[in-house]
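The structure appears below as structure tokens.
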Amino acid sequence: QVQLVESGGGLVQTGGSLRLSCAASGGTLYAIGWFRQAPGKDREFVSDISWSGGSTRYADSVKGRFTISRDNAKNTVYLQMNGLKPEDTAMYYCNLDPVRWPIRGGPNDGYWGQGTQVTVSS
């Protein structure tokens, strides 16, 4: 059974940085994506990375500010977030999909973590 645990969220000022981690246990070496959901809004795609790390994608809203990476030896995917803005405030979730690439992020696709809260103050 795959389990995902996100960490690294917190409160940061505009322009600050955070690094989120998604630690996976069981069924690793699959594509993993990051999604976020702000209050009252739908969950949206942020970034994903292939199992090898050779392919990555980013939402337009985070390109140039966020960087996704993975360390398969540690079964962990990271999301380095720089230049944070108040509109980045959301609960961030990681999704492991053993079937699809690119990640689709459907509610029943693969496995989801419990999320980590990111709050950016203005």
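Laboratory data are not the source of any read-out in this text; all were calculated from the coordinates shown. All of these numbers come straight from a predicted model, not from anything done at the bench. We place every Cβ from the backbone using ideal geometry, glycine too, and count neighbours over all the protein chains shown.
Couple of notes before you dig in:
- Between Val5 and Lys41, the contour length at 0.36 nm per residue exceeds the Cα-Cα span by 10.7 nm.
- Dipole magnitude of segment 1-112, debye to nearest 20 (Cβ charges: Lys/Arg +1, Asp/Glu -1, about Cα centre): 140
- As a calculated quantity, the FRET efficiency between Glu87 and Asp109 at R0 = 25 Å, using C-beta atoms, amounts to about 0.50.
- Length available on full extension from Ala59 to Trp101: 0.36 nm per residue minus the Cα-Cα distance, which gives 13.6 nm.
- Computed over the chain, the ratio Rg/Rh where both radii use C-alpha atoms and Rh is Kirkwood: 0.94
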